[in-house]
Amino acid sequence: MSQKDLMKDWFKELPSEQPSPDFKVKVMQRVMSEWTLNPVKYQPIISRKGWWTIALIAMLMTSILLMVHSSLPVGTDSMSTAKTFYGLDLAKLFLPVSHLFEKLNSISPAVAIGVLAILALWFFDQLFVKTVKR
Amino acid sequence: MEKKTDEYYIREILKGDSGSFSQLVERYSHLAFSLSMKILNQREDAEEAAQDAFIKAYNSLGSFQSSSTFKTWFFRIVYNTSISKLRTRKNIEVKFEDVKISDSEIQATENTIGQLNTEDRQRYIQIGLERLEPEEQALLKMYYYDDFSMDEISIITTLSLSNVKVKIHRSRKKLLQELKFVLKDEIISIL
């Protein structure tokens, strides 16, 4: 048997050192207190700033489309003559937008008021939470 | 139940499940305490150092590189924490003294230890180990008891591989030298 194996065997015979029975509990208590001090924060994929940028771009695009739409001559014939705007097929672009506005027009005032009320409540809730946090 | 890897639990902890850390504590508390104990030789200090090492590991899990195993990485923390504690406890300088024991004396000591019954052998080796410097004890324990390779010990202790080899060889010789003194009466009686 080699020298290392001999020494290894002797060391393996030594009684193992055992920590106190509550060692694990003590460690986990400290880990949990560390965690409460520095919890892992939820990181959204799209940040708040990102959402605002997307909303702003969407609003700008809609406004531009509406402006372009209103500057075009009225009537189906004139639409057919001026279908393109800087190479863009406007008829295709306006179709979903006009559908959206048609849908919005068809919403009853009661539903619209309901939605507005919910949005207002959400806004005030956010405002309240922010004020409390400060 | 399927045994999950250390890496699995680390991923879970990094995702926010701190409870998964208890699995790592369960797995390594005994080894961590045992290494700390070898260095510090005092139960309370060893427990405190092992606990501190776990907390340090928990706080730095984000910087853990899977290029080395968690076990090696964690034992480096345990080793450094215990050595720091030892240095603050008493202003000691870890030194390696010259070992004066001939090859024939080593052989005779090994033969004598081999002839002892297990209980006596355990007692004498324990006494011999206690006569060594804490760093020497830790190196021998990691190599002979915990089965760490020389490369792993080099990572844990941040000593160069050649330095680890030299120190383990010297610590082993020193242990046998101390055992020679302890066993003096036994050798005389056998001779």
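Please enumerate the residues belonging to region B:146-163 that are in a helix (DSSP H, G or I) and either under 18 Å from B:S82 (Cα atoms) or polar (S, T, N, Q) (or both). Give the steps one after another, and end with the answer.
Residues of region B:146-163 in a helix (DSSP H, G or I): B:150-157, B:161-163.
Scanning region B:146-163 gives B:E152, B:I153, B:S154, B:I155, B:I156, B:T157, B:S162, B:N163.
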Give just the number: which of (1) over 17 Å from the mean Cα position of the chain (by Cα); (2) modelled with pLDDT under 90 does B:S162 not satisfy? (2)
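For every residue, the table says whether it meets (1) touching a Lys or Arg at 6+ places or on another chain (Cβ under 6 Å); (2) surrounded by 12 or more Cβ atoms within 10 Å (Cβ to Cβ); (3) modelled with pLDDT of 70 or more.
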{"residue": "A:L14", "(1), (2), (3)": "no, yes, yes"}
{"residue": "A:L37", "(1), (2), (3)": "no, no, yes"}
{"residue": "A:K41", "(1), (2), (3)": "no, no, no"}
{"residue": "A:L60", "(1), (2), (3)": "no, no, yes"}
How many of the residues making up region B:109-126 are crowded, with 18+ Cβ neighbours inside 10 Å and either over 22 Å from the mean Cα position of the chain (by Cα) or among the basic types (K, R) (or both)? 3
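Which of the residues that make up region B:122-136 are assigned to a helix (DSSP H, G or I) and either closer than 14 Å to B:A32 by Cα or more than 11 Å from chain A (Cβ to nearest Cβ) (or both)? Write out each step before concluding.
Step one: of region B:122-136, the residues assigned to a helix (DSSP H, G or I) are B:122-130, B:134-136.
Of everything in region B:122-136, those that are assigned to a helix (DSSP H, G or I) and either closer than 14 Å to B:A32 by Cα or more than 11 Å from chain A (Cβ to nearest Cβ) (or both) turn out to be B:I127, B:E130, B:P134, B:E135, B:E136.
The values are calculated or read from the model by the stated rules, or taken from the named source; none is laboratory data. Model, not experiment: these values are computed from the prediction. Every residue, glycine among them, receives a Cβ derived from its backbone with ideal geometry; neighbour counts consider all protein chains shown.
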